[in-house]
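Enquirer: For reference, the structure I am asking about is given below.
The values are calculated or read from the model by the stated rules, or taken from the named source; none is laboratory data. Note that the structure is predicted; figures quoted are calculated from it, not measured. FYI the Cβ positions are ideal-geometry reconstructions off the backbone, even for glycines, and counts take in every protein chain you see.
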Amino acid sequence: MDTPDVLAWRDGHIEALDQTALPHQVRVLRISTVEALVAAITRLAVRGAPVLGAAGALGVALAVRQARREGWDGPRLDAEIQRIADARPTAVNLRREVAVVAARVPEGEAAVEAAALAVMSFTTTASYEISRRGAAYLRDACGPGPLRVHTHCNTGSLACLGWGTALGVIRALHEAGGLSRVIVDETRPLLQGARLTCWELDQLDIEHRLVCDGAGPFLISQGLADAVVVGADRVAANGDVANKVGTYGLALAAHWAGIPFLVAVPESTIDEATPDGAAIPIELRADEEVTVPAAPVGTKALNYAFDITPADLVSAVVTEKRLIQNGQWLTRQAR
């Protein structure tokens, strides 16, 4: 893509592509404080589970620099790092990668920056492995294609670096000549599918059609998709999946239609400390994200950002290290 880096560390600052401005404007944020980073994460200018993990890692390096610059003591630095980890509650990658880099703080600024950049590098590399393994699974499950693939939210390079997770799987199918068309849900409430996934697919010259979220399950029932592939913000120890709200309906439809429902994530998204989906915190966002501009002033909303798909509706989970099929979670430890 002929666009700036999604995320970068330059001269002690974070540079991030503002994903709220796309597709109509390409705008780069230069982030130099913890406050600015937390604000960018909260308003979804920086988003996508793997990118959140990488941004959190860089955020620790940013906090250490700010601490030196402004004379913070240890407790203040710890509190600011915790603010970054808490900026989005559902995506486990953010909290996990913050913890990984924060453990290096006693070793000094250079060690922290090196650890953060290592997280960035690994995140990018992992997406290629996820993409190839996921594409191979779909070819085995559905035949050589060309396949019609339904997806939800945004899971490409904007969200994951590299090729992405679910959208990376789609890209790998496309490059191998195994893709017919992508069906893209608009994805409420901020229309990440319409704004971001369609933009990425257009950049990649991949045939696609945009549909309303409510239409997705019906289209699957009509035989218009051969498989569904999505990302996730957290996978619980039992295989339950938290992903952008609307995912559960697609999983139900795929189950009844008898087509694969594939979840593509990095290993860092699998959270063995969370026993099941009921234990995953679900972010409730501002009413205005769904009420403006259509609803009467004062209308209240239940703006859940994510839903939970039970493990028994998931055909397979693919990571950079393994393929977990049909709920075989006794093999959780990566080989």
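Enquirer: Does VAL38 qualify as being touching a helix residue (DSSP H, G or I) at 6+ places or on another chain (Cβ under 7 Å), in contact (Cβ under 8 Å) with a residue 40 or more places away in the chain and buried (at least 24 other Cβ atoms within 10 Å of the Cβ)?
Expert: Values: touching a helix residue (DSSP H, G or I) at 6+ places or on another chain (Cβ under 7 Å): yes; in contact (Cβ under 8 Å) with a residue 40 or more places away in the chain: yes; buried (at least 24 other Cβ atoms within 10 Å of the Cβ): no.
Here the answer is no, as VAL38 does not meet what is asked.
Enquirer: Still on this model: So which residues in the stretch 271-304 are farther than 20 Å from LEU190 by Cα and loosely packed, with under 12 Cβ neighbours inside 10 Å?
Expert: ALA273, ALA278
Enquirer: Based on what the data block shows, is ALA54 part of a helix (DSSP H, G or I) and either in contact (Cβ under 8 Å) with a residue 12 or more places away in the chain or aliphatic (A, V, I, L, M) (or both)?
Expert: Numbers: part of a helix (DSSP H, G or I): yes; either in contact (Cβ under 8 Å) with a residue 12 or more places away in the chain or aliphatic (A, V, I, L, M) (or both): yes.
Judged against the criteria, ALA54 is a match.
Enquirer: Do the conditions hold for SER221, that is, is it among the hydroxyl-bearing types (Ser, Thr, Tyr) and farther than 23 Å from THR90 by Cβ?
Expert: Considered against the rule, which asks whether it is among the hydroxyl-bearing types (Ser, Thr, Tyr) and farther than 23 Å from THR90 by Cβ, SER221 comes out as yes.
Enquirer: While we're here: Restricting the search to the stretch 233-278, which residues are farther than 14 Å from ALA91 by Cα and among the small types (Gly, Ala, Ser)?
Expert: Once the filter is applied, which keeps residues that are farther than 14 Å from ALA91 by Cα and among the small types (Gly, Ala, Ser), the stretch 233-278 yields ALA237, GLY239, GLY246, GLY249, ALA251, ALA253, ALA254, ALA257, GLY258, ALA264, ALA278.
Enquirer: I'd like the full set of residues that are of a type outside the set (Val, Ile, Thr), under 24 Å from ALA118 (Cβ atoms) and buried (at least 18 other Cβ atoms within 10 Å of the Cβ), limited to the stretch 20-35.
Expert: LEU29
Enquirer: Hey, another quick one. Checking ILE130 against (1) of a type outside the set (D, E, K, R); (2) farther than 15 Å from VAL318 by Cα; (3) modelled with pLDDT of 95 or more, which test does it fail?
Expert: The single condition ILE130 does not satisfy is (2).
Enquirer: Go through the stretch 311-325 and give me each residue that's over 16 Å from VAL265 (Cα atoms) and surrounded by fewer than 17 Cβ atoms within 10 Å (Cβ to Cβ). Outline the logic, then answer.
Expert: Step one: filter the stretch 311-325 for residues over 16 Å from VAL265 (Cα atoms), giving 312-313.
Result: ASP312, single match.
Enquirer: Take the residues in the stretch 71-100 that are touching a residue at least 40 places away in the same chain (Cβ under 8 Å) and outside any helix (DSSP H, G or I); name whichever of them is nearest to the chain's Cα centre (by Cα).
Expert: The selected residue is ALA91.
Enquirer: Give SER121, SER127 a once-over and let me know the one that is surrounded by 24 or more Cβ atoms within 10 Å (Cβ to Cβ) and within 20 Å of TRP9 (Cα to Cα).
Expert: Just one listed residue meets the conditions, SER127.
Enquirer: Please note which strands (runs of 3 or more DSSP E) are completely contained in the stretch 130-225 and include at least 2 residues that are more than 23 Å from ILE324 (Cα to Cα) and not assigned by TED's automatic domain parsing to the domain that holds ASN303.
Expert: none
Enquirer: While we're looking at this one, here's another question. With touching a residue at least 60 places away in the same chain (Cβ under 8 Å) and of a type in the set (Gly, Ala, Ser) as the only criterion, which of GLY59, GLY48 stands out?
Expert: After ruling out the rest, the residue left standing is GLY48.
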